[in-house]
Protein chains: 2
Amino acid sequence: MSLVVQKFGGSSVADAESVKRVARRIVEYRKAGHDVVVVVSAMGDFTDDLIDLANQISPLPPARELDMLLTAGERISMAVLAMAIANLGFEAQSFTGSQAGMITDESFGRARIVNVTPMRVKEALENGNIAIVAGFQGVSHATKNITTLGRGGSDTTAVALAASLDADVCEIYTDVDGVFTADPRIVPTARRINHLSYEEMLEMAASGAKILHLRAVEYARQYDVPLHVRSSFSHNRGTWVSDSPIPPTFAPEEEETSMEQAVISGVAHDRQEAKLTVVGVPDIPGKAAEIFRVIAENEINIDMIVQNISTRDPGRTDISFTLPMTDGATATRVLNDVQESIGFDHLRYDDQIGKLSVVGAGMRSHPGVTATLFNALSEAHINIDMISTSEIRISVVTRADLLDAAVKAAHTAYGLDSDSNEAIVYGGTGR
Amino acid sequence: MSLVVQKFGGSSVADAESVKRVARRIVEYRKAGHDVVVVVSAMGDFTDDLIDLANQISPLPPARELDMLLTAGERISMAVLAMAIANLGFEAQSFTGSQAGMITDESFGRARIVNVTPMRVKEALENGNIAIVAGFQGVSHATKNITTLGRGGSDTTAVALAASLDADVCEIYTDVDGVFTADPRIVPTARRINHLSYEEMLEMAASGAKILHLRAVEYARQYDVPLHVRSSFSHNRGTWVSDSPIPPTFAPEEEETSMEQAVISGVAHDRQEAKLTVVGVPDIPGKAAEIFRVIAENEINIDMIVQNISTRDPGRTDISFTLPMTDGATATRVLNDVQESIGFDHLRYDDQIGKLSVVGAGMRSHPGVTATLFNALSEAHINIDMISTSEIRISVVTRADLLDAAVKAAHTAYGLDSDSNEAIVYGGTGR
């Protein structure tokens, strides 16, 4: 008997009708002989509604109470989903994060899972039930307070449960058919990717592909949980994420060549970053460290960093870095506070930037991938402002208004367009 | 240091503004030096909204899942109330029924409290917090499943917590000023009652006074918890329910004479009952028992019973009883099923009846109370259809359209009108 963990997001259970539709889908698996554990998010925008309510009450609600409040959302969706399954003649039991053994630390609003002890879920399965588990929530080990895992937390709940229960697959249901070679709203010729390695999916997620939460993919890689990202609105095969072949039970039609790595898997983009430049930093050891210590102390994640000799004063440097737009105001404030002690001239803030990332495990063995990107952007008259790379990723920053054109140019250049039959020749000297 | 348990119903916390108002009220008590535990119901009509949602999903939702669903309501209200208190600069922590140690049996939808172990509530109080507890809900002892206590369950939660914590008073906040001598919508001269014994309150609640749930009053009597029923919209003194004097801390203005029993405390009424007559039952031992066994097996509570020799056939009797209108259809169906075996002629169903009850502990020592009622109704040309009595209550059934007039007549006859200075003389032979 195989065990499937299925995760349905808020858009899949937005109202009574969609809850019933999801219930039918779950029951199909049960009928096919699988054990099924379902992780569900709050219905539609209910979590946002609760946040609005909290904000009406208090500008700064205590974190413990905010987590208590938000966990009401999944409590509702899981109970009605269990009802809908029962209405189809199958036994189902719902479990809160706490009941399902999602043990976390005490960091309200962004708790980390420290242990998973799903005894009651196992018992429910043994008794022939479909188990429905609240996503996004847990209970703290030390104080038994209710916690939430933060945005995208339901994906993490699903993967953590799949790991703990040794599930054959963790299916992540969403409103699109899987992970695409680029955002189809920008690149109409984008194709669904059949299979990604964990590392590629991590780089895609970190580069702006919103379909899976980074943390869930990290967890899946750590515990080797095969993920299947697919649409809750169709029965199409979606995108598998794993480092091993797909179990034949779940993908009988899988082609033999599926594990052969594409050189480039996809082109991701991100409009949510801004660029902050610290202008005229004294070129003395320790000054850059001081800047990034202040940034880190305020829990701001930075992405790319570029340091140049100042054009205006050879004894000074300009340090630029990218950061989430939402942290822009904080970063500006905390750096202005230390302007005097660091001795820089001024700050320059720019949120009209876009980041394009090309991801593919094949980069390791194929030289010339970088040159292909730069040629494509150059031919499209797009200037590159910053560059960063990892082993399997190249990211560049462009002007925001040129980002769409850059994504299209890169997608075509790497032969990812669905109507493309071109064999791409990577040449040149190294990456 | 005194400890106050305060219970706020859904209408007191219907929206963000009323939550803030309730928070200010709670904080007043904290400022005055009391320890405060608050029991709160779901906001406004949220529980009904959840029931509607469940009904959209399934005509017969599993009881376990329905309880899981409904408990989301108090989770929301308690968390936002804790936030509102924190926003006023006071520490507050919310607790689910399970966290507050409300241990119940496993009867979903109408669970009975089997134990109260509020360790976390005590700890919160010791740490200077105001404790907010979800009303209406608990957790089953045996299976750790979430349960609800049924309609009016939040009152019971408050009383049970007050008993377990040995609180000085359990304040029940509602949208009226207390318990009245009659429903002010029917009798404009009705007065707020200062003080009732548990027994009187029990009879009032059982006779249709909706202000307190019967079960909560029973619990309060059993554990001798003083109740104070009062309005959340004013600071007026409400109605105390206890068998002992009111603690001076909470009612400094209490008159010395307050414990002197009024002969009649109030006039209650009930429009929710119907009368079912089983016509032509063979006058053989065991036939009545058979009828009431069928009724009891279907968990229908009956109230008054009258048996008469059938006017049509002296060898047969007519048995009439009253029951909640909501059980009318079930009772009719299950009795029709056994018509042949019991051998009765037919059923007669009448839901155009009203029940009037006069309640007062003074009845025990004052003869003539019954005669006063019958005289008053007779003078008002109101016919009495059925009669039942307890030690401190007389109830009569009248036609529904005459009930208001009957209540007014009784209220006046017992000198309960607020403009009345008459000394009522009870005379006659016995009750």
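The values are calculated or read from the model by the stated rules, or taken from the named source; none is laboratory data. Owing to the predicted nature of the structure, the values given are computational and were not obtained by experimental measurement. Using ideal geometry, Cβ is built from the backbone for each residue, glycine included, and neighbour counts are taken over all protein chains shown. Note: areas computed on protein heavy atoms with side chains; ligands, DNA, RNA excluded. Shrake-Rupley method; radii C 1.70, N 1.55, O 1.52, S 1.80 Å.
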Residues of the range A:244-268 being at pLDDT below 70 and of a type in the set (S, T, N, Q), which ones?
A:257, A:258, A:261
Output the qualifying pairs, or none if there are none: Cβ atoms under 7 angstrom, residues six or more apart or on different chains, first residue in the range A:119-141 and closer than 11 Å to residue A:99 by Cα and modelled with pLDDT of 95 or more, second residue among the β-branched types (Val, Ile, Thr) and in a helix (DSSP H, G or I).
A:133/A:121; A:133/A:157
Is there a residue being part of a helix (DSSP H, G or I) and open to solvent by less than 70 Å² (accessible area, probe 1.4 Å) anywhere in the range A:308-327?
yes
When you look at residue A:30, is it within 11 Å of chain B (Cβ to nearest Cβ) and crowded, with 19+ Cβ neighbours inside 10 Å, yes or no?
no
Going through the range B:262-277 in order, the residues found to be under 30 Å from residue B:345 (Cβ atoms) and outside any strand (DSSP E or B) are B:271, B:272
Name the residue, out of B:312, B:271, that is at pLDDT 90 or above and among the charged types (D, E, K, R).
B:271
Name every residue in the range A:283-306 that is closer than 24 Å to residue A:207 by Cβ, in a helix (DSSP H, G or I) and open to solvent by 60 Å² or more (accessible area, probe 1.4 Å), in order of residue number.
A:296
Can residue A:362 be described as modelled with pLDDT under 95, at negative phi and not aromatic (Phe, Trp, Tyr)?
yes
For the range B:372-383, how many residues meet the condition of being surrounded by 14 or more Cβ atoms within 10 Å (Cβ to Cβ) and either modelled with pLDDT under 90 or touching a helix residue (DSSP H, G or I) at 6+ places or on another chain (Cβ under 8 Å) (or both)?
7
Of all residues in the range A:35-71, which are aliphatic (A, V, I, L, M) and open to solvent by 10 Å² or more (accessible area, probe 1.4 Å)?
A:43, A:51, A:53, A:60, A:63, A:66, A:70
Give me a count of the residues in the range B:328-354 that are among the aromatic types (Phe, Trp, Tyr) and either under 32 Å from the mean Cα position of the chain (by Cα) or open to solvent by 30 Å² or more (accessible area, probe 1.4 Å) (or both).
1
Failed item in (1) in contact (Cβ under 8 Å) with a residue 12 or more places away in the chain; (2) facing chain B (nearest Cβ under 9 Å); (3) farther than 29 Å from residue B:89 by Cβ, with residue A:39 passing the rest
(2)
Any idea which of B:145, B:194 is assigned by the TED database to the domain that holds residue B:220 and open to solvent by 30 Å² or more (accessible area, probe 1.4 Å)?
B:194
Search result, residues across the range B:42-72 that are touching a residue at least 12 places away in the same chain (Cβ under 8 Å), more than 8 Å from chain A (Cβ to nearest Cβ) and not β-branched (Val, Ile, Thr):
B:42, B:43, B:44, B:45, B:46, B:63, B:67, B:70
Hits in the range A:4-15 (condition: open to solvent by 10 Å² or more (accessible area, probe 1.4 Å) and within 14 Å of another protein chain (Cβ to nearest Cβ)):
A:14, A:15
Scanning for something touching a helix residue (DSSP H, G or I) at 6+ places or on another chain (Cβ under 7 Å), open to solvent by 10 Å² or more (accessible area, probe 1.4 Å) and either within 9 Å of chain A (Cβ to nearest Cβ) or at pLDDT below 95 (or both), does the range B:149-165 turn up at least one residue?
yes
Output for the range A:88-116, where each listed residue is within 14 Å of another protein chain (Cβ to nearest Cβ), within 25 Å of the chain's Cα centre (by Cα) and open to solvent by 30 Å² or more (accessible area, probe 1.4 Å)
A:98, A:106, A:108, A:109
Residue count, the range B:134-154 (criterion: within 11 Å of residue B:41 (Cα to Cα) and in contact with a Leu (Cβ under 6 Å, 6 or more places away or on another chain))
1
Criterion violated by residue A:74 - all others in (1) more than 21 Å from the chain's Cα centre (by Cα); (2) crowded, with 24+ Cβ neighbours inside 10 Å satisfied:
(1)
With the structure loaded, tell me whether residue B:84 is more than 23 Å from the chain's Cα centre (by Cα), surrounded by 24 or more Cβ atoms within 10 Å (Cβ to Cβ), more than 9 Å from every other protein chain (Cβ to nearest Cβ) and at negative phi or whether it fails that test.
no
